[in-house]
Amino acid sequence: MREIGADELRHIARGAAILGTGGGGDPYIGRLVAEQAVLEYGPVLVAELHEVPDDALVAGIGMIGAPTVMIEKLPAGEEAVTAFLTLQREIGRPITHVLPIEVGGMNSLAPFPVAASLGLPVLDADCMGRAFPMVQMVVCTLDGVLARPLAVADEKGNSIVLDVHDNHWAERLARSATIGMGCTALMSSFPMSGKQARDITIPGTLTLAAKLGRLVERVRQQHVDPCQAIASFLGGEVLFTGKVVDVMRANDPGFAKGEARLEGDGASCRLEFQNEHLVASRDGEVVASVPDLICVLDAEGEPVPAERLRYGQRVAVLGAPCHPRWRTPEGLALVGPSAFGYSHAYSPLGGQ
Amino acid sequence: MHIGIDVGGTNTDAVLVEGRRVLAECKTTTTADVTTGIVNALNGLQAAQNFEPAAVNAVMIGTTHFVNAVVEGRGLAQTAAVRLGLPATKALPPFVDWPQRLRQVIGGHSYLCHGGYEYDGRVISPLDEDELRGVATDIAAKGVRSVAISSVFSLVNGDLERRAAEILTAEVPDLLVSFSHEIGRLGLLERENATIINAALRELAEQIADGLTESLTAQGIDAPLYLSQNDGTLMDLEYARCYPVATFSSGPTNSMRGGAFLSGLDECAVIDVGGTTTDVGMLHNGFPREASSEVMISGVRTNFRMPDVLSIGLGGGSVVREQKEGISVGPDSVGYRLAQQSLVFGGDTLTATDIAVAAGLAEIGDPGLVKNLDRKLVDAVLDHVCEQIATQVDRMRTSPAPLPVVLVGGGSVLVPDEVEGVSELIRPEHHAFANAIGAAIAQVGGEVDRVFTIDPNRRDEVLDSARQEAVDKAVAAGARADSVRIVEVEEIPLAYLPGNASRVRARAVGDLVLEDAPRRARA
């Protein structure tokens, strides 16, 4: 196990926001909240998966709701702890380790206030290897680990426990509760044993985010193009560089859905998103698609969240391979193009 | 006929403009009290071109005075931040992530109170009037004179911020109040930060506004007085008293718009080489391209509309050094002491200006004092400058297509005619006054940025009303109605929300009414 102090949180927030592919929550707020917890309670211990005992009890923590609301209605700070303790009470046994449900600017750091204040280690892992918009879109679903029970807590001290039939119902019911709470809440769920965590979750993603965040800072100081550096770090490629010339936002009650059109180098690029970036097309042809990572970065290598895309921005669009689990038939059924209503076939980046 | 004035850190520049013609120009040294410099500049204009003060329709001033006050931490009021939002937002109280020094200078008085709204206008918790009266007692005891009031989702509804102000000012009558719902965009921390900075500048703004009014009145000019804003538009003096923070980035904006005006280009890069820094920005449709991410002001994060400008410490006053590792130019500058310290003025500091004079690019001071400079050194410095500027231009460009570059500012003599990656280098007439001209040709704008409930069948109607509100705001701010155009409409549905709630931003700009502008009431 190693300690993570305030300095490393900055790198994790930036790197995780890149891996969050346009979603995953605001990295600035995520970092500040985690920093306050670390300053108050001391550094957080991060455990590698191989360090977790078989009989450990692990639970995931993450934000649920609208990132656009969170940047306005800032957290009270205790939401994650309340959700965690509510879950623990329902389970009736002490939870020994926490882990981020997804990688994202806010979500990678969501377990830190719990870990810092209760003295629990955070697992260097997550359940997506990136961010996805819905609760069921986790590797746990592939391996039969249920979001049961699931606790949701808001900033007012409200909390709710759900006993769900499956992970799709978890999404539907937790979403309804969150909307009632004012659209931002913290959830804790996916209880699993240490062995399950080791077998199922995607390892090393906190460390990966920290490395990526450090890389951005370093290449900037060296005046190297950060977008190229990020692409090669992720084993991906810069798919497009250009200017946002149009952002069309669909009128969808559930998600920040829409598309952006970019122009540059005599070509055009279309980006479709549902909180996260889902599909990138170049001159009408799909060049990257879920579940692969599509990251939008500004010239400084700073990730641009989907809800902040706007006319006139100069951005680079990166594609990078997703975790291999998502490339299996079951993985693609859960988070591939068809899961989002697309008819195109998935063509893996990197030609695998 | 109108007058544009740019008050920079080193120089105060003024131009007299009629339509598209520059009638007169004058460069003087900035003075500590600002107004003396302006009086000197106006006298200089009179000397260059005799004009009738009563014939001046408007005076537009761009100033770095307020941003410098924050950077240097001087002239700032003791300020309190009162936020309405409990129990939400407690994790990140006002002043979180501020630089310690600036926080100390303005007192850092932070109050978290009940109130605030949900995204849909429901109240998070009711306002607690006794709690606010307690805050009033405390700030009165601490000698706080200016307060920034912020509330969660105050862009959805500003009522609670206004009600809180009523309670505070009932207890502390002379308190200056700045409202977050009038100042920033969505994003509570950034909006609150901007509101706090604004509050800290309010007293200074009163002094400056009074001083400017007096200095113009003393010259017999009673035309309305405007200040340049960050986005190239104008605000009147009464507005500036309340929103001084909106002047922050007007310097680079003005030089860029001035460069566009003088060159006749709408799409180009503008390089402004001043005494201390070089700013490189891009123009799109004649307006500076805005920074896409959050803008840091003196270490404080805000979400202002700011031009996307790269600034490097390279200018006419930059100190030149020969070191083992090679030549360095800047980032330190002799600034306004150029006329004492540089070699051409008999000083003992080698500056970029001395190099320019030695190379025959400029005639400043006594060229004889630099005629013995090593020619190799002169060439090496010029190469270094050229390379630095080419790098900045390259960082700003978005495509490999040829990019015209407009060169402005007093220090631009340093830049050679050939710069790598630049298709066309234009040095327009009056280029040394681009910033003052940019102030003189500014426009006025209006913006709406709020969450709307959008019925799918009435979407066009809602967006039209948002556009109209932006147009009305521009007209109310002084734009000629037939010149106002919408430059931006943006709709962001709030993820997961019922009822189709969307954040809509619409922005309109137009030409300032100049001919029949009402005389300034407060003279």
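Simple spin-label estimate for A:Glu300 and B:Glu214 gives 4.0 nm between the two label positions (7 Å along the Cα-to-Cβ direction from each Cα).
Extending 7 Å from the Cα toward the beta-carbon at both A:Glu3 and A:Asp54 defines two label points whose distance is 3.3 nm. The DSSP beta bridges internal to the protein assembly as shown are antiparallel in roughly 75% of cases. If R0 equals 41 Å, the separation of the Cβ atoms of A:Asp166 and B:Arg133 corresponds to a calculated FRET efficiency of about 0.20. Once you sort the root eigenvalues of the Cα gyration tensor of region A:2-203 as a ≥ b ≥ c, which label holds: rounded (a/c under 1.5), prolate (a/b larger than b/c) or oblate (the other case)? Rounded. Over chain A, Cα pairs under 8 Å with separation of 6+ residues give a relative contact order of 20 percent.
Secondary-structure-derived ellipticity at 222 nm for chain A, considering helices only, amounts to -9000 deg cm²/dmol, per-run term -39500 (n - 2.57) for DSSP H runs with n ≥ 4.
At full extension, B:Leu310 and B:Ser125 could sit 62.2 nm farther apart than now, given 0.36 nm per residue minus the alpha carbon distance.
The mean number of partner chain beta-carbon atoms within 10 angstrom of a residue's beta-carbon across peptide B:84-94 is 6. Determine the shape class of region A:104-176: with a ≥ b ≥ c the square roots of the Cα gyration tensor eigenvalues, call it rounded for a/c under 1.5, and otherwise prolate if a/b is greater than b/c, oblate otherwise. Note, shape of region A:104-176 comes out oblate.
Using the Cβ-Cβ distance between B:Asn50 and B:Glu171 with R0 set to 56 Å, the FRET efficiency works out to roughly 0.55. When both region A:4-41 and region A:258-291 are represented by their alpha-carbon centers, they are found 27 Å apart. Working from Cα pairs under 8 Å separated by at least six residues, relative contact order for region A:2-203 is 30 percent. Mind checking A:59-72 for the average number of partner chain beta-carbons within 10 Å of each residue's beta-carbon? If you average over the peptide's residues, the count of other-chain Cβ atoms is 5.
Over the residues of chain B, the helix contribution to mean residue ellipticity at 222 nm works out to -10000 deg cm²/dmol, using -39500 (n - 2.57) for each DSSP H run of at least 4.
Less than 12 Å from a label point 7 Å out along the Cα-to-Cβ axis of A:Lys211: which backbone N atoms in region A:130-168 qualify, by residue? No residue passes the distance filter.
Exposure here means at most 15 other Cβ atoms within 10 Å; with GluC sites (Glu not before Pro) in a DSSP loop as sites, the longest stretch of chain B lacking them is B:1-266.
For chain B, the longest principal axis of the Cα atoms and the long axis of helix B:35-48 meet at an angle of about 50 degrees. In chain B, the longest principal axis of the Cα atoms and the axis of helix B:250-263 are about 60 degrees apart.
By its C-alpha gyration tensor, with a ≥ b ≥ c as the square roots of the eigenvalues, how is chain B shaped: rounded for a/c under 1.5, else prolate for a/b larger than b/c, else oblate? Cα axes put chain B in the prolate bin.
Partner shielding of A:32-39 amounts to 2, given as the average count of beta-carbon atoms from other chains within 10 Å of each residue beta-carbon. Could you tell me what percent of the DSSP beta bridges with both partners in region A:2-203 are antiparallel, to the nearest 5? Restricted to region A:2-203, the bridges split so that about 75 percent are antiparallel.
If R0 is 35 Å, the Cβ-Cβ spacing of A:Asp265 and B:Val71 corresponds to a FRET efficiency of close to 0.35. If a spin label sat at a point 7 angstrom from the Cα of B:Ser328 along the line to its beta carbon, the backbone N atoms of region B:304-318 nearer than 13 Å would be those of B:313.
Between B:His284 and B:Arg485, the contour length at 0.36 nm per residue exceeds the Cα-Cα span by 70.8 nm. A simple packing score, the average count of other Cβ atoms within 10 Å per residue, orders the peptides A:341-350, B:327-336 as B:327-336, A:341-350, with the highest score first. Projected label points at A:Glu90 and B:Arg21, each 7 Å from Cα along the beta carbon direction, are separated by 7.9 nanometres.
Taking 0.36 nm per residue of separation and subtracting the current Cα-Cα distance, fully stretching the chain between A:His344 and A:Asn158 would add 62.7 nm. Positive-end ranking of B:Pro99, B:Gly187, B:Pro87 along the dipole of region B:72-206, with charges on Cβ about the Cα centre, is headed by B:Pro99.
Rule-based calculations on the coordinates, nothing more; no lab input. Remember, predicted model here, so these are calculated numbers, not experimental data. All Cβ positions, glycine included, derive from the backbone under ideal geometry; neighbour counts span all protein chains shown.
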